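Here's the structure, in C-alpha cells; my notes come after.
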Amino acid sequence: MACLSPSQLQKFQEDGFLVLEGFLSADECEAMQRRIGEIVAEMDVPLHCRTEFSTQEEEQLLAQGSTDYFLSSGDKIRFFFEKGVFDKQGNFLVPPEKSINKIGHALHAHDPIFRCVTHSPKVQALARSLGLQMPVVVQSMYIFKQPHFGGEVTPHQDASFLYTEPLGRVLGLWIALEDAALENGCLWFIPGSHRGGVSRRMVRAPAGSAPGTSFLGSEPTRDNSLFVPTPVLRGALVLIHGEVVHKSERNFSDRSRQAYTFHLMEAAGTVWSPDNWLQPTPELPFPPLYI
C-alpha cells in the first residue's frame, strides 16, 4: 500500500511537498486519459459559458470570479479554457480539444473513473499514514497544460482559495498523467514556505454583488531563486500542503503535461470558511474519503 515511511513524513512536514514516484501504473493513467478524452468529445459549452482560466489576479476577478459558471462549478463538471482561444464572438480559434485549460471541480463525484481513483485503497492508505481522521474531498480538476500555449500558473498557496480555520487542514494530491519536465511546465515549490501563514485570500461576495469575488491581502513578490523545480514521471503523485507556495511555467514545448489533482480537508475540528468561493451544497456535501 501507499503508506509513508517516517522519513517521508518528516520530509513532507519540513518541505510542505513530497514526490511519490510510481503511485499509479501506466494502465491507471491511460484509463483516466481515455475517459477525459470521452468527456471532451462530448463537450457542449454554450457561448456565454466559455470562461478563460487565469491565475493573474485582475483576470481572475474579471473572468472566473464574476461568472456564475465558475462560482457554481463546485458540484459540477465544467470546462475552462486557455487565453486567446476564442474570437470576439466566442467561437473557437483552435480545435476545442486543444483549447481547454482544465476541467473541474467535481470529477470525483460525477465520474466513476475519477471517483475510483480519488477513493482508491492507495489514496486512503496514504491519507491514513498522514494521520487524517475524517478527510473529505472538496474539489477535483483535470489539468491539460496544452502544448505551445498551456498557461503559466503564478505563485500561490492553495489555502488562498480553500481557506480553513485552523490552517493546515487542506492537502493537495497532484497526479502526473504524463511526464512533467522543465520543458512542459512541471511544478516548482519554495520548500518550507508552508510555515508562514496565508498572504492573500479569494473571498466570495454576498449574493447578488458584483464582482462575485474579491481578494483580501496580496501575493508578495517572491525571489525566483527560492523556487525548486520538481520534474516527475508519469504516474507520480505530489503531495502539496495547503500553504506551500508553488507555481508552474507556461508550456512552450510540443508535449502536453496532463495531471489529475484533488484536494482533501481534515474535517475533524475544522471550520470551512463560509466566504470561500467553493461551498458544499445540499445536493453534494463534501464526500468522506474513507468509504
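The values are calculated or read from the model by the stated rules, or taken from the named source; none is laboratory data. Source: prediction; values computed, not measured. Glycine also receives a Cβ, built like all others from the backbone with ideal geometry; neighbour counts cover every protein chain displayed. All accessible areas refer to the heavy atoms of the entire protein, side chains included, with ligands and DNA or RNA removed. Shrake-Rupley method; radii C 1.70, N 1.55, O 1.52, S 1.80 Å.
Quick notes
- Unique residue being among the β-branched types (Val, Ile, Thr) and loosely packed, with under 15 Cβ neighbours inside 10 Å when the list is Val245, Val198, Val228, Val203: Val228
- Among the residues of segment 243-277, those that are more than 30 Å from Asp179 (Cβ to Cβ), part of a loop (DSSP other than H, G, I, E, B) and not aromatic (Phe, Trp, Tyr) comprise Ala267, Ala268, Gly269, Thr270, Ser273, Pro274, Asp275, Asn276.
- Within segment 30-53, considering residues that are among the hydrophobic types (A, V, I, L, M, F, W, C) and surrounded by fewer than 10 Cβ atoms within 10 Å (Cβ to Cβ), the one modelled with the lowest pLDDT: Leu47
- Pairing residues of segment 203-222 that are closer than 17 Å to Leu71 by Cβ and among the acidic types (Asp, Glu) with residues that are part of a loop (DSSP other than H, G, I, E, B) and open to solvent by less than 60 Å² (accessible area, probe 1.4 Å), at Cβ distances under 8 Å and at least 6 apart in sequence or on separate chains, gives no pairs at all.
Per-residue answers, yes or no, for (1) closer than 15 Å to Tyr260 by Cα; (2) at pLDDT below 95; (3) touching a Pro at 6+ places or on another chain (Cβ under 8 Å):
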position: Thr118; (1), (2), (3): yes, no, no
position: Leu132; (1), (2), (3): no, no, no
position: Tyr142; (1), (2), (3): yes, no, no
position: His148; (1), (2), (3): no, yes, no
position: Pro155; (1), (2), (3): no, no, no
position: Gly168; (1), (2), (3): no, no, no
position: Ala181; (1), (2), (3): no, no, yes
position: His194; (1), (2), (3): no, no, no
position: Arg204; (1), (2), (3): no, yes, no
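- A residue that is under 21 Å from Arg195 (Cα atoms) and of a type in the set (Ser, Thr, Tyr) cannot be found anywhere in segment 253-265.
- Taking residues in segment 269-288 that are over 16 Å from Val170 (Cβ atoms) and open to solvent by 30 Å² or more (accessible area, probe 1.4 Å), and partners anywhere that are of a type in the set (A, V, I, L, M, F, W, C) and at pLDDT 95 or above, the pairs with Cβ atoms closer than 6 Å and at least 6 places apart or on different chains are Leu284/Ala109.
- Scanning segment 182-195 for residues that are open to solvent by 20 Å² or more (accessible area, probe 1.4 Å) and either among the polar types (S, T, N, Q) or closer than 22 Å to Gly37 by Cβ (or both) yields one hit, Ser193.
- Close pairs (7 angstrom Cβ cut-off, 6 or more residues apart or separate chains): modelled with pLDDT of 95 or more in segment 10-29, in a helix (DSSP H, G or I) and of a type in the set (S, T, N, Q) anywhere: Gly16/Ser193; Leu18/Gln8
- The requirement of being open to solvent by 20 Å² or more (accessible area, probe 1.4 Å), over 24 Å from Pro288 (Cα atoms) and among the hydroxyl-bearing types (Ser, Thr, Tyr) is fulfilled nowhere in segment 159-181; no residue meets it.
- If the condition is being open to solvent by 60 Å² or more (accessible area, probe 1.4 Å) and closer than 15 Å to Leu162 by Cα, then segment 206-220 contributes only Leu216.
- Residues (over 29 Å from Leu9 (Cα atoms), in contact (Cβ under 8 Å) with a residue 24 or more places away in the chain and surrounded by fewer than 22 Cβ atoms within 10 Å (Cβ to Cβ)) located in segment 101-125: Lys102, His110, Asp111
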